[in-house]
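Worksheet for the structure shown next.
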Amino acid sequence: MIATTRYLAMDVLRGQRFLAPVLVYCGVLGMLFLHGDAGPALQAYAGSCALIYPVAAWLAVVIATSEDPARREITVVTAGGWRPVLSAVALLSVLTVIALSLLATLMPLVTNPHPYSVGSVLAGFAGHVVCGTLGASVGLLFARPVLRTIGRTVLVVFAVIVLTYPLGKRTPFGWVLDMLGTETVNVTLLWSGMIAAVMIVGAVALGLRAARR
Amino acid sequence: MAAAILDLVELVEVGKRYGRGPWVLRDLSLSVSGLVVLTGGNGSGKSTLLRIVAGITAPTRGSVVGRPRSVGYVPERFPSDVRMSAQSYLGHMGAIRGRKADVLERLGFRGDLTAPMSALSKGNAQKVAIAQALAATDLLVLDEPFTGLDTTAATALVELLKDRTAVVADHEGHLPSEQVISLSDGHVVIELSRVSGLDELSELDGVRDVSERGIGARVLVEPAHSDRVLAEALRLGCSVRSVRS
């Protein structure tokens with residue numbers, strides 16, 4: 001699976017479709033953390049957690065659809081089936097989330113005037129990884145091979161992402177934002193992380209089922 | 001190193017339809033041993049059968065038994081917009097498979113290995129696609145692999161496929177094989193506009209399927225039995241709208 005993940009990463013990098021979401025992410029992070037006071041540590045992280053959710057979904061769709069269907073079929077046969085390929089897509093999506101989370105977690109340490117304890121940095125990083133993984137799972141749940149046209153994928157992922165925000169504390173994403181916004185780190189983060197992990201595994205399972213239709 | 005010929009994959013009464021669409025394949029049983037050549041017209045189900053053998057898609061009914069671990073696959077249309085170089089692509093595919101492709105020169109590849117594959121000619125891109133597949137040790141599944149190849153490369157490919165276990169769609173007749181499966185001979189379709197005695201029709205030899213369609217029906221018949229089934233349908237009082245193969 002490592003070789004498949006490395007191949008997919010190279011393909012995504014050469015495709016350049018990753019640039020738009022990454023530039024949006026960096027641009028909004030810059031607006032959050034480079035201009036004035038972003039607020040206390042965890043509240044500042046809540047802002048970037050709200051950002052990483054849609055960006056991770058966008059990047060997951062880019063990763064899942066980087067290869068065209070014919071080339072994906074070659075990769076599937078070469079790797080020995082859909083399972084290793086879809087697992088590699090999920091792994092690459094999560095690795096991307098971790099990279100984005102590191103950036104969002106470390107950037108305010110330099111630019112934000114508020115004090116950052118080790119605990120708040122760790123909580124912030126975990127919050128980003130959880131929100132990003134939730135976003136990536138939404139992207140993977142509705143990308144190829146589950147939905148076969150990019151138009152449908154974009155519409156459904158956009159709708160799900162937009163609907164998540166008004167649902168507030170009724171979603172794991174909302175739990176994390178609320179927890180960071182109120183500066184009360186608790187076991188909710190762990191639950192949200194477990195749900196995010198289950199959603200990623202579920203996206204792979206659904207993809208496996210859809211791929212062999 | 002080429003693999004010995006093995007009795008590898010067995011398809012047992014395989015049928016395939018996409019969603020609620022028509023059946024693309026019906027009750028096909030096949031044992032893949034040595035070189036199996038698929039022939040048939042457009043839309044006869046060759047590519048679908050190959051995708052089932054390769055494990056890309058599952059049959060709607062029936063089963064595939066004994067698919068080996070190392071399978072090589074060439075799709076009907078290898079994409080021309082691959083952004084990485086042939087060298088890089090083959091390197092990655094080799095790393096995924098755990099075995100590198102080593103037949104590109106024998107296929108007469110003349111392009112720039114380090115240039116993006118989108119810059120290669122159709123024939124050279126096809127050679128890259130074939131080379132990555134031939135690195136598989138157990139089974140090759142090739143969908144019209146001769147498309148775009150020059151004579152030298154086509155001859156080399158025929159040589160490379162000797163003593164291999166492979167299922168190849170080849171309607172141009174490049175490959176000699178003792179096992180030729182013709183999917184175009186699959187069935188004759190008899191459309192009936194007025195129906196009578198459908199149960200009797202469905203019991204006749206060679207009738208593969210009878211499906212009611214509104215006030216009419218569609219009967220799928222093996223070609224050898226089509227004349228007799230048609231005569232029987234008329235005798236039973238059916239009106240025939242069309243007969244096509």
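Please enumerate the residues belonging to the range B:19-43 that are within 14 Å of chain A (Cβ to nearest Cβ) and in a strand (DSSP E or B). Full working, then the answer.
Here is the first cut: in the range B:19-43, the residues within 14 Å of chain A (Cβ to nearest Cβ) are B:19-21, B:24.
Across the range B:19-43, the qualifying residue is only B:V24.
When the residues of the range A:55-75 are filtered to those that are free of Cβ contacts under 8 Å to residues at least 24 places away in the same chain and under 21 Å from B:K100 (Cα atoms), which remaining residue is surrounded by the fewest Cβ atoms within 10 Å (Cβ to Cβ)? Working first, answer last.
Residues of the range A:55-75 free of Cβ contacts under 8 Å to residues at least 24 places away in the same chain: A:68, A:70-71, A:73-74.
Among the residues that remain, those that are also under 21 Å from B:K100 (Cα atoms) are: A:70-71, A:73-74.
Working: A:A70: 16, A:R71: 18, A:E73: 23, A:I74: 24.
Checked the range A:55-75; the qualifying residue surrounded by the fewest Cβ atoms within 10 Å (Cβ to Cβ) is A:A70.
Within the range B:45-73, how many residues are assigned to a loop (DSSP other than H, G, I, E, B), crowded, with 16+ Cβ neighbours inside 10 Å and either within 17 Å of the chain's Cα centre (by Cα) or within 7 Å of another protein chain (Cβ to nearest Cβ) (or both)?
8
What pairs come out if I take residues in the range B:195-212 that are modelled with pLDDT of 80 or more and loosely packed, with under 13 Cβ neighbours inside 10 Å and pair them with residues that are of a type in the set (A, V, I, L, M) and in a strand (DSSP E or B) whose C-beta lies under 9 Å away, six or more apart or interchain?
Filtered contacts from the range B:195-212: B:D199/B:V210.
List the helices (runs of 4 or more DSSP H) that sit entirely inside the range B:74-170 and contain at least 3 residues that are under 14 Å from A:R71 (Cα atoms). So that I can check it myself, show each step before the final result.
On the way: elements: B:86-97, B:122-134, B:151-160.
The helices (runs of 4 or more DSSP H) meeting that bar are B:86-97, B:122-134.
Take the residues in the range B:92-107 that are buried (at least 18 other Cβ atoms within 10 Å of the Cβ) and not aliphatic (A, V, I, L, M), then tell me which one is nearest to A:V77 (Cα to Cα).
So the residue we want is B:R97.
Just one of the numbered conditions (1) under 20 Å from the mean Cα position of the chain (by Cα); (2) buried (at least 18 other Cβ atoms within 10 Å of the Cβ) is not true of A:M10; which one?
The failed condition is (2).
One line per residue, one yes/no per condition, for (1) closer than 30 Å to B:L140 by Cα; (2) hydrophobic (A, V, I, L, M, F, W, C); (3) assigned to a loop (DSSP other than H, G, I, E, B); (4) within 14 Å of another protein chain (Cβ to nearest Cβ):
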residue	(1), (2), (3), (4)
A:T4	yes, no, no, yes
A:Q43	no, no, no, no
A:Y53	no, no, no, no
A:V61	no, yes, no, no
A:T75	yes, no, no, yes
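Looking only at residues that are touching a Ser or Thr at 6+ places or on another chain (Cβ under 9 Å) and crowded, with 24+ Cβ neighbours inside 10 Å in the range A:77-87, which one is farthest from the other protein chains (Cβ to nearest Cβ)?
Step by step, filter the range A:77-87, then rank; the result is A:V85.
Could you pull out the residue among A:L103, A:L92 that is assigned to a helix (DSSP H, G or I), within 28 Å of A:V187 (Cα to Cα), within 14 Å of chain B (Cβ to nearest Cβ) and out of contact with any Gly (no Cβ under 8 Å at 6 or more places or on another chain)?
Details: A:L103 fails: within 14 Å of chain B (Cβ to nearest Cβ).
It is A:L92.
Being touching a residue at least 40 places away in the same chain (Cβ under 8 Å) and facing chain A (nearest Cβ under 10 Å) is the filter here; which residues of the range B:81-93 pass it?
Residues of the range B:81-93 touching a residue at least 40 places away in the same chain (Cβ under 8 Å): B:82, B:86, B:89-90, B:93.
Once the filter is applied, which keeps residues that are touching a residue at least 40 places away in the same chain (Cβ under 8 Å) and facing chain A (nearest Cβ under 10 Å), the range B:81-93 yields B:V82, B:Y89, B:M93.
Can you tell me which residue among A:S117, A:S192 is polar (S, T, N, Q), surrounded by 16 or more Cβ atoms within 10 Å (Cβ to Cβ) and touching a residue at least 60 places away in the same chain (Cβ under 8 Å)?
Numbers: A:S117 fails: surrounded by 16 or more Cβ atoms within 10 Å (Cβ to Cβ).
Exactly one of A:S117, A:S192 is polar (S, T, N, Q), surrounded by 16 or more Cβ atoms within 10 Å (Cβ to Cβ) and touching a residue at least 60 places away in the same chain (Cβ under 8 Å), namely A:S192.
The values are calculated or read from the model by the stated rules, or taken from the named source; none is laboratory data. Just so we're clear, the structure is a prediction, and the values are computed from it rather than from any experiment. So basically every Cβ, Gly included, is an ideal-geometry build from the backbone, and we count neighbours across all protein chains shown.
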